[in-house]
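Shown next, in structure tokens, is the structure this report addresses.
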Amino acid sequence: MLKALAEGKLTGLAGEGKPLPDHPGDAFVSAGDAVGFRIMAEAGVLPEEIALKKQAAAQRAHLATLTDPGDRKAAMAELARIELRQSIAEEARRKFFKG
């Protein structure tokens, strides 16, 4: 690192002179996963499990607005389907990185 600094390779980088961004969610993610997620985010790609997490949150918000028992039952079934897909995606990622 000192060699790169001496050669000037660490100047002119994106975000130079600015504080590091706060990523409080990374506290609950392994360092390897956090790096992978950050690379994907910078490339504009959203991991399937993150997309499903957002869908589940939206479905929970929708469910909270429903009062009809039939509508609630259908919304709960959809939420369960989304959460199952999210769990499968998370498990697939864990197995992939485990080797």
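The values are calculated or read from the model by the stated rules, or taken from the named source; none is laboratory data. On a predicted model such as this, the values are computed, not experimentally measured, just so you know. Cβ atoms come from the backbone with ideal geometry, glycine included; neighbour counts cover every protein chain shown.
Quick look at the values:
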quantity: Subset of region 47-99 [under 18 Å from Ala31 (Cα atoms) and surrounded by 14 or more Cβ atoms within 10 Å (Cβ to Cβ)]; calculated: Pro47, Glu49, Ile50, Glu90, Arg93
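For every residue, the table says whether it meets (1) at pLDDT below 80; (2) assigned to a helix (DSSP H, G or I).
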residue: Lys3; (1), (2): no, yes
residue: Thr11; (1), (2): no, no
residue: Pro19; (1), (2): no, no
residue: Gly25; (1), (2): yes, yes
residue: Val35; (1), (2): yes, yes
residue: Ala58; (1), (2): no, yes
residue: Glu83; (1), (2): no, yes
residue: Glu90; (1), (2): no, yes
